[in-house]
Number of protein chains: 2
Amino acid sequence: MKRRQFMGGAATAAAAGAVAASSFPAPAISQGLLKWRMQTTWPKNFPGLGTGANKLAEFIGAASGGKLTVEVFGGGEIVPAFETMDAVSNGTLEMGHGAPYYWVGKLPATQFLASMPFGLNAQEQNAWMQFGGGQELADKIYKNLGCKFFVSGNTGVQAGGWFNKEINSLEDYKGLKMRIPGLGGAVVKAAGGNVVNLPGGEIPPALQSGAIDATEWVGPYNDLAFGLYKSAKFYYYPGWHEPATLLDNFINLNAWEQLSDDLKAVVAAANGYVNTFVMSEFVAKNNGALNTLVSEHGVILKKFPDEVLNALGTLSGQVMGDMAAADALSREVMDSIVAFRKQAIAYAKVSEQAFYNARGLPFKWIE
Amino acid sequence: MKRRQFMGGAATAAAAGAVAASSFPAPAISQGLLKWRMQTTWPKNFPGLGTGANKLAEFIGAASGGKLTVEVFGGGEIVPAFETMDAVSNGTLEMGHGAPYYWVGKLPATQFLASMPFGLNAQEQNAWMQFGGGQELADKIYKNLGCKFFVSGNTGVQAGGWFNKEINSLEDYKGLKMRIPGLGGAVVKAAGGNVVNLPGGEIPPALQSGAIDATEWVGPYNDLAFGLYKSAKFYYYPGWHEPATLLDNFINLNAWEQLSDDLKAVVAAANGYVNTFVMSEFVAKNNGALNTLVSEHGVILKKFPDEVLNALGTLSGQVMGDMAAADALSREVMDSIVAFRKQAIAYAKVSEQAFYNARGLPFKWIE
């Protein structure tokens with residue numbers, strides 16, 4: 001603990017800021033210069049996820065005019081990736097960047113925030129957060145972890161994962177050693193899979209060594225960056241288990257509460273910007289990466305059969321229902337999302353989904 | 001012109017800011033307090049659109065710690081709604097909030113920015129803006145209007161519009177007096193319609209008086225607010241003409257360039273936040289509004305027949321191709337969007353669209 005106490009803590013950082021400010025003219029001192037540290041669960045500069053966190057830090061520094069600067073560390077640089085929440089909770093770090101289901105060991109309800117199998121897509125999830133009570137529930141959950149919560153990116157519909165055998169029925173999950181976090185992992189476990197969770201950086205060697213048989217990560221853009229095609233040949237879609245996984249920016253609650261109102265607004269606006277920025281990068285880059293995987297690396301793209309998806313849908317309902325029955329906070333989040341999803345599905349049928357269908361009609365548009 | 005010159009201009013506003021600041025202590029003066037005025041094309045506080053503009057102003061004021069405050073005026077409060085761009089271009093106002101196709105009379109290319117019939121949905125349009133060259137093209141176009149450009153909201157897939165007769169073939173558009181702006185309007189005109197554009201506030205009386213036979217506006221949430229159901233009974237979907245209409249925040253270029261770097265970042269981040277916020281409000285509210293329209297007001301919800309959508313798709317391609325051939329800047333925007341759309345469609349098939357289909361399978365989820 002000695003090293004951590006030496007390296008950080010909100011109080012230490014604030015003190016360091018005050019010392020640094022003493023050589024500035026009076027207005028700079030009165031503004032209070034803060035230097036924070038953020039560790040991500042992602043490898044440093046990892047495409048989309050890590051670079052999204054970099055963008056967040058960059059925007060906070062720029063929009064605050066340097067009043068609050070955030071130094072970014074990759075997973076493992078200060079503490080192991082999955083201990084990022086501990087480090088932020090106890091004040092070793094002021095900020096972290098990851099995904100809610102990584103904190104399931106502390107609070108099961110975080111999984112329901114991250115993404116629900118067959119639940120909301122990214123557009124719907126943002127709407128639930130901002131107008132469906134999501135932000136309030138997330139803040140309630142993260143307060144228990146000693147943190148303030150922000151949505152700070154979204155992957156959209158993920159890929160279904162990498163396998164070395166075909167998935168033709170639910171039976172094919174039996175005994176499968178698969179890396180899959182969150183509620184999707186709970187569903188695969190209920191189907192007989194041997195489920196593990198690993199931070200991103202540990203997935204490629206685990207798949208290569210055979211420590212795991214299968215994995216999901218994010219989507220083509222990120223999966224190509226990890227070279228997962230080297231150790232598995234079948235790439236399945238759609239990502240039923242994570243139709244929209246939100247990234248979390250969590251802030252030590254004491255550090256957050258000490259921010260002035262303008263810096264709080266800067267952090268909120270920067271996260272709002274980065275949320276769409278991260279999603280946009282995936283939308284812009286996934287298709288090219290998928291083409292590279294298929295045409296240059298011989299990956300075999302396959303759709304989960306409807307029979308399998310249907311069985312996974314039923315199983316997802318049972319598994320999540322059981323988990324929510326065992327934990328009141330999970331139940332509260334689940335009930336809120338279930339209600340929001342009902343109206344979202346109804347409206348998608350006359351808007352987004354109807355438009356996808358119309359756009360797919362055989363007319364000649366513009367070449 | 002005298003009144004406008006008296007009332008505003010970036011230089012005048014800056015001078016006024018300096019005068020106001022003279023009663024503040026030294027640090028306030030050194031920060032430079034700016035007071036800007038923004039007029040929207042929407043009625044003041046109009047749900048989603050006007051309230052989105054309010055949110056933008058609120059965030060800019062909060063995140064800048066009051067260094068830049070923006071006072072919001074509804075369409076017509078300072079100049080007529082569709083003269084908002086003139087007022088911002090000439091410095092009467094520093095900011096405006098509307099939609100790009102309202103400026104078609106000045107530059108045709110603005111229409112291609114707003115939304116292309118059968119083009120991109122909101123998620124794809126954001127990605128094109130941030131990673132497909134859209135922001136750069138938009139800045140190039142708006143520079144010609146003397147403005148800096150930001151995306152500041154999105155309606156998502158709009159509703160198809162309000163009619164008093166059924167649309168069973170392309171022939172049914174012949175002679176129809178319809179309010180429909182942008183490229184969708186050009187397509188309806190090519191189909192024989194008598195097309196007009198009106199700012200939002202003028203639509204309800206025009207439809208009620210019979211000055212127009214049909215109109216589109218936004219979607220259930222906004223259309224209910226205008227009471228359009230009182231004057232038309234058929235409500236069509238999907239909005240093939242505007243699959244994702246972005247809202248523009250345009251800023252007088254001189255005023256923009258005089259901002260410090262931190263205030264520029266504040267404005268960019270606030271727009272990023274508001275972009276998703278506006279979209280989220282529609283996703284959260286449209287379904288409830290649609291239910292009210294159908295069950296309380298007896299509106300008849302109808303899907304455009306595939307035959308009509310297919311014919312409109314072909315016609316859209318021809319009309320937009322002709323328009324782009326006549327204007328180099330339109331051509332440049334169109335070509336960029338067409339290329340982005342091709343890869344977006346390919347990827348949607350294995351992600352968003354495949355997920356909508358999977359979610360629609362008959363499994364029992366959570367009640």
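Derivation of every value follows stated rules applied to the coordinates shown; laboratory data play no part. Note that this is a predicted model, so its numbers are computed, not measured. Quick reminder, even Gly has a Cβ in these numbers, built from the backbone with ideal geometry, and neighbours come from all protein chains shown.
By the compact-protein rule of thumb, 2.2 N^0.38 Å, the alpha-carbon radius of gyration of the stretch B:142-198 corresponds to a ratio of 1.46.
For the stretch B:29-158, the relative contact order comes to 23 percent (Cα pairs under 8 Å, sequence separation of at least 6). When the pairs A:44/B:143; A:44/A:174; A:285/B:67; B:44/B:67; A:67/A:140 are compared against a 26 Å limit on Cα-Cα distance, A:44/B:143; A:44/A:174; A:285/B:67; A:67/A:140 fall above it.
Normalised Debye scattering of the stretch B:101-245 at q = 0.09, 0.19 Å⁻¹ gives log10 I(q)/I(0) of -0.28, -1.14, counting only Cα atoms as equal scatterers and leaving out solvent. Across the protein assembly as shown, Cα-Cα pairs farther apart than 41 Å form 31% of the total. Around the amide H of residue B:303, modelled in the peptide plane, lie the amide H atoms of B:237, all under 5 Å away and 5 or more residues distant in sequence or on another chain. For the peptide A:117-123, the mean number of other protein chain Cβ atoms found within 10 angstrom of a residue's Cβ is 5.
Return the average number of partner chain Cβ atoms within 10 angstrom of each residue Cβ along peptide B:271-279.
Average neighbour count from other chains, rounded to a whole number: 6.
Amide H to amide H distances under 5 Å link residue B:68 with B:34, where only residues 5 or more positions off or on other chains count and H is placed in the peptide plane.
Exposure proxy shown here: for B:323, A:116, the number of other Cβ atoms within 10 Å sets the order, fewest to most, as B:323, A:116.
Tally Lys and Arg at +1 and Asp and Glu at -1 over the other residues with C-beta under 15 Å from the C-beta of residue A:82: what net charge comes out?
-3
For the stretch B:215-332, what does the relative contact order come out to in percent, with C-alpha contacts under 8 Å and a separation of six or more?
Reported as a whole number, the value is 46 percent.
Calculated over the stretch B:197-263, the projected area of the Cα convex hull averaged across directions stands at 6.9 nm².
Cα axis of helix B:306-325 to longest principal axis of chain B: angle in degrees, 0 to 90, nearest 10? For helix B:306-325, the angle is close to 40 degrees. FRET efficiency for the pair residue B:327 and residue B:306, taken as 1/(1 + (r/R0)^6) with r the Cβ-Cβ distance and R0 = 45 Å, rounds to 0.90.
Excluding residue A:97 itself, what net charge comes from residues whose Cβ is under 11 Å from its Cβ, given Lys and Arg +1 and Asp and Glu -1? Every neighbour counted, the sum reads 0.
Taking 17 Å as the cut-off, the amide N atoms of the stretch A:191-220 that come nearer than this to a point 7 Å along the Cα-to-beta-carbon line of residue A:174 belong to A:191-195.
When the inverse distances between all different Cα atoms of the stretch A:304-367 are averaged and flipped, the Kirkwood radius reads 14.7 angstrom.
Please compute the Kirkwood hydrodynamic radius of chain A from all pairs of different C-alpha atoms, in Å with one decimal. The Cα-based Kirkwood calculation yields 21.5 Å.
Determine, for A:332, A:94, the number of other Cβ atoms within 10 Å of each Cβ, and report the residues in order from fewest to most.
Working: A:332 17, A:94 29.
Sorted ascending by nearby Cβ count, the order is A:332, A:94.
Extents of the stretch B:262-330, taken as max minus min of Cα coordinates on every principal axis and listed largest first, are 52, 45, 15 Å. For residue B:32, inter-copy separations between label points set 7 Å beyond Cα along the Cβ vector come to 2.6 nm, shortest first. The phi torsions of the stretch B:345-351, fed into the Karplus equation with coefficients 6.51, -1.76 and 1.60 and a -60° offset, translate into couplings of 5, 4, 6, 4, 4, 10, 10 Hz, rounded to whole numbers, with Gly and Pro shown as x. Other residues lying with their Cβ under 12 Å from the Cβ of residue A:345 contribute a combined charge of +2, Lys and Arg counting +1, Asp and Glu -1.
With R₀ set to 22 Å, the beta-carbon distance separating residue A:297 from residue B:136 gives a calculated FRET efficiency near 0.10.
Using only Cα atoms, tell me the angle between helix A:10-21 and the longest principal axis of chain A; keep it within 0 to 90° and round to the nearest 10. That works out to roughly 50 degrees.
Here the spin labels are modelled as points 7 Å beyond Cα on the Cα-Cβ line, and at residue A:166 and residue A:45 they lie 4.2 nm apart. The label point for residue A:364 and the one for residue A:143, both projected 7 Å from the Cα toward the Cβ, are 6.2 nm apart. In nanometers and ordered shortest first, the copy-to-copy spacing of the residue A:303 label point, defined 7 Å from Cα toward Cβ, is 1.7. Could you check how many percent of all C-alpha pairs in the stretch A:210-321 are farther apart than 16 Å? Everything past 16 Å amounts to 71 percent.
Cα convex hull, the stretch B:85-172: 128 Å³ per residue, rounded to a whole number.
Per the Cα gyration tensor, the stretch B:157-235 maps to an equivalent ellipsoid with semi-axes of 18, 13, 12 Å, ordered largest to smallest. With label points set 7 Å from Cα along Cα→Cβ, the inter-copy distances at residue A:318 are 5.6 nm, sorted shortest first. Size of the stretch A:230-285 from its Cα atoms: along the principal axes, largest to smallest, the extents are 51, 23, 22 Å. Partner shielding of B:334-344 amounts to 3, given as the average count of beta-carbon atoms from other chains within 10 Å of each residue beta-carbon.
Assuming R0 = 60 Å, what is the FRET efficiency of residue B:194 and residue A:209, from their Cβ-Cβ distance, to the nearest 0.05? After rounding to 0.05, the efficiency reads 0.30.
Normalised by 2.2 N^0.38 Å, with N the number of residues, the alpha-carbon radius of gyration of the stretch A:27-124 equals 1.22.
Computed over the stretch A:76-135, the P(r) curve from all C-alpha pair distances, binned at 5 Å from the origin, holds 4, 17, 21, 21, 16, 12, 8, 1 percent per bin.
Relative contact order for chain B: 22 percent, from Cα pairs under 8 Å spaced at least 6 residues apart, divided by residue count. Take each peptide in B:277-288, A:228-239, count the other Cβ atoms within 10 Å of every residue, and average; sorted highest first, the result is B:277-288, A:228-239. Each of B:355, A:73 was scored by other Cβ atoms within 10 Å of its Cβ. Listed from fewest to most, they are A:73, B:355.
Taking Cα atoms, how many degrees apart are the long axis of helix A:261-297 and the longest axis of chain A, rounded to 10 and kept between 0 and 90? With both axes taken from Cα atoms, the answer is about 30 degrees.
Amide H contacts of residue A:73: A:38, A:39, A:40, each under 5 Å away and 5 or more positions distant or on a separate chain (H built 1.01 Å from N in the peptide plane; Pro and chain starts excluded).
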